[in-house]
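The values are calculated or read from the model by the stated rules, or taken from the named source; none is laboratory data. All values derive from a computational prediction rather than experimental measurement. All Cβ positions, glycine included, derive from the backbone under ideal geometry; neighbour counts span all protein chains shown. In case anyone asks, the SASA skips ligands and DNA or RNA and just uses the protein heavy atoms, side chains included. Shrake-Rupley method; radii C 1.70, N 1.55, O 1.52, S 1.80 Å.
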Amino acid sequence: MDLGIKGRHALVCASSKGLGRACAVALAAEGVHVTLTARGAEALASTAAEIRKAYPGVEVKEVVGDITTLAGRTDALKACPNPDILVNNAGGPPPGDFRNWTRDDWIKALDANMLTPIELIKATVDGMIARKFGRIVNITSAAVKAPIDVLGLSNGARSGLTGFVAGIARKTVRDNVTINSLLPGPFNTDRIRNVSAGQAKAAGVTTEEIMQKRASENPAGRFGDPEEFGLACAFLCGAKAGFITGQNILLDGGAFPGTM
Ligand code: NAP
C-alpha cells in the first residue's frame with residue numbers, strides 16, 4: 001500500500017532503538033525524510049546508516065540529545081523545523097513503590113512522558129495546520145488503559161498526556177492534522193529485555209526464562225515485533241488516515257481483556 005507521504009518530513013523522537021526506530025524505518029520505507037534523536041551517539045549513527053543504506057532517496061538527520069530537555073528539543077527542531085509528521089517518544093520511567101517517589105521523581109516522569117510531547121506538539125502543530133497536513137503519533141503504553149501498579153509514574157504521566165491530546169485532537173483534524181496515540185503492550189525491544197534481566201536476577205533464573213514466560217502468557221503467545229509497531233505508526237501517518245484522530249490504539253496481542 002502506498003501511504004501517499006513520500007517526500008514528507010518526520011521528526012521521530014527517541015529512535016535509535018526499539019519502537020521509535022521501527023517507526024523511523026517504516027516511515028523511511030514510505031519515502032519520508034526522517035530526523036532521528038537519541039542520547040547515545042553510537043546506536044543513533046548506526047541506525048541512521050542502516051536507514052540511509054536501505055532507502056537511499058531518503059534524507060536522514062541525526063540529533064544527539066536528551067529529548068526531555070529544552071536543549072534536546074531545540075536541537076531536534078533546528079534539524080527538522082517544519083515536520084509534517086511528529087512521533088513523540090522517550091524512555092519510560094522506572095518501576096517502584098509510590099511511597100518512595102519524591103516530587104523530583106514525579107517531575108522527571110512528567111517531563112519525559114507528558115510535558116515533552118506537549119511542548120513538541122505546541123512547537124509544530126500550528127505549522128501543520130497552516131500547511132493543511134500533519135500527523136502526530138504519541139508512543140504511550142498499554143498501561144494507560146490497564147495500569148500496572150509498579151509503573152505508577154508511567155500510568156500517571158502518560159494518562160495526563162492522553163487527556164490533553166483528547167482535547168486538542170478534535171480541534172486540529174479540521175485542518176487535516178491528526179493526533180493519536182499507540183499503546184504498546186509487550187514488544188521485543190531492549191527495554192523488555194532489561195526489565196526481564198532485572199526480574200531474572202531477583203528470581204534466580206535466566207533472562208530467557210522470564211522472557212519466555214511473559215511471552216507465553218500473552219494471548220498471542222509471543223511478544224510484539226517492533227516492525228509491527230512501526231507499520232501501524234506509518235499507517236496512522238498516511239495521507240488517507242486523516243479521519244482517525246484522538247484515538248488510543250492498543251497493540252498488545254489481545255492482552256487487554258475488555259470487549260472494547
Ligand atoms: P528501548 O528499546 O529501550 O528504546 C528506547 C529508545 O529511546 C532508544 O533509542 C533510546 O536511546 C531512546 N531514548 C530514551 N530516552 C531518551 C531521551 N530522554 N531522549 C532521547 N532519546 C531517548 O525502548 P522501547 O521498548 O522502544 O520503548 C519506547 C517507549 O515505549 C518507552 O517509553 C517505553 O516505556 C514504552 N513502552 C514500551 C513497551 C515495550 O514492550 N517495549 C511497552 C510499553 C511501553 P538512548 O538511550 O541512547 O537515548
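In the range 167-213, the qualifying residues are those that are away from the ligand (no atom under 16 Å from the Cβ), among the aliphatic types (A, V, I, L, M) and not in a helix (DSSP H, G or I), and the one that is surrounded by the most Cβ atoms within 10 Å (Cβ to Cβ) is ILE179.
Could you check how many residues of the range 23-52 are under 20 Å from LEU120 (Cα atoms) and either near the ligand (Cβ under 8 Å from one of its atoms) or open to solvent by less than 10 Å² (accessible area, probe 1.4 Å) (or both)? So that I can check it myself, show each step before the final result.
Pass one, the range 23-52, residues under 20 Å from LEU120 (Cα atoms): 23-24, 27, 32-39.
Subset that is either near the ligand (Cβ under 8 Å from one of its atoms) or open to solvent by less than 10 Å² (accessible area, probe 1.4 Å) (or both): 23-24, 27, 32, 34-39.
Within the range 23-52, residues that are under 20 Å from LEU120 (Cα atoms) and either near the ligand (Cβ under 8 Å from one of its atoms) or open to solvent by less than 10 Å² (accessible area, probe 1.4 Å) (or both) number 10.
For the range 193-216, check the following and say yes or no: at least one residue is under 30 Å from ILE5 (Cα atoms) and of a type in the set (Asp, Glu). Within the range 193-216, none of the residues are under 30 Å from ILE5 (Cα atoms) and of a type in the set (Asp, Glu). Among the residues of the range 149-166, the one identified as without any contact (Cβ under 8 Å) to a residue 40 or more places away in the chain and within 12 Å of the ligand (Cβ to nearest atom) is ASN155. Quick one: in the range 143-168, of everything that is more than 20 Å from TRP101 (Cα to Cα) and β-branched (Val, Ile, Thr), which residue is farthest from the chain's Cα centre (by Cα)? Of everything passing the filter in the range 143-168, ILE168 is farthest from the chain's Cα centre (by Cα).
What are the residues in the range 28-43 that are of a type outside the set (D, E, K, R), touching a Gly at 6+ places or on another chain (Cβ under 9 Å) and farther than 13 Å from LYS61 by Cβ, if any? Show your work before the answer.
In the first step, residues of the range 28-43 are kept if they are of a type outside the set (D, E, K, R); the result is 28-29, 31-38, 40-41, 43.
Keeping just the survivors that are touching a Gly at 6+ places or on another chain (Cβ under 9 Å) gives 29, 31-33, 36-38.
Scanning the range 28-43 gives ALA29, GLY31.
Examine the range 1-13 for a residue that is within 15 Å of the ligand (Cβ to nearest atom), open to solvent by 10 Å² or more (accessible area, probe 1.4 Å) and not polar (S, T, N, Q), and state whether such a residue exists. No: the range 1-13 contains no residue that is within 15 Å of the ligand (Cβ to nearest atom), open to solvent by 10 Å² or more (accessible area, probe 1.4 Å) and not polar (S, T, N, Q).
Per the conditions (1) assigned to a helix (DSSP H, G or I); (2) open to solvent by 50 Å² or more (accessible area, probe 1.4 Å); (3) within 15 Å of THR140 (Cα to Cα), the sole criterion not satisfied by ILE249 is (1).
Applying the criterion of being under 25 Å from VAL25 (Cβ atoms) and among the hydroxyl-bearing types (Ser, Thr, Tyr) to the residues of the range 81-127, the residue that is farthest from the ligand (Cβ to nearest atom) is THR124.
In this structure, is GLY230 touching a Gly at 6+ places or on another chain (Cβ under 8 Å), of a type in the set (Gly, Ala, Ser) and within 12 Å of the ligand (Cβ to nearest atom)? Walk me through it before giving the result.
Numbers: touching a Gly at 6+ places or on another chain (Cβ under 8 Å): no; of a type in the set (Gly, Ala, Ser): yes; within 12 Å of the ligand (Cβ to nearest atom): yes.
Taking the combined requirement at face value, the residue does not satisfy it.
One residue stands out among those in the range 219-242 that are free of Cβ contacts under 8 Å to residues at least 60 places away in the same chain and assigned to a loop (DSSP other than H, G, I, E, B): the one that is surrounded by the most Cβ atoms within 10 Å (Cβ to Cβ), which is PHE223.
Pick from ASN138, ASN82, ASN113, ASN89: which is of a type outside the set (A, V, I, L, M) and over 17 Å from the mean Cα position of the chain (by Cα)? Break it down stepwise before answering.
On the way: ASN138 fails: over 17 Å from the mean Cα position of the chain (by Cα); ASN113 fails: over 17 Å from the mean Cα position of the chain (by Cα); ASN89 fails: over 17 Å from the mean Cα position of the chain (by Cα).
Within the list ASN138, ASN82, ASN113, ASN89, the selection yields ASN82.
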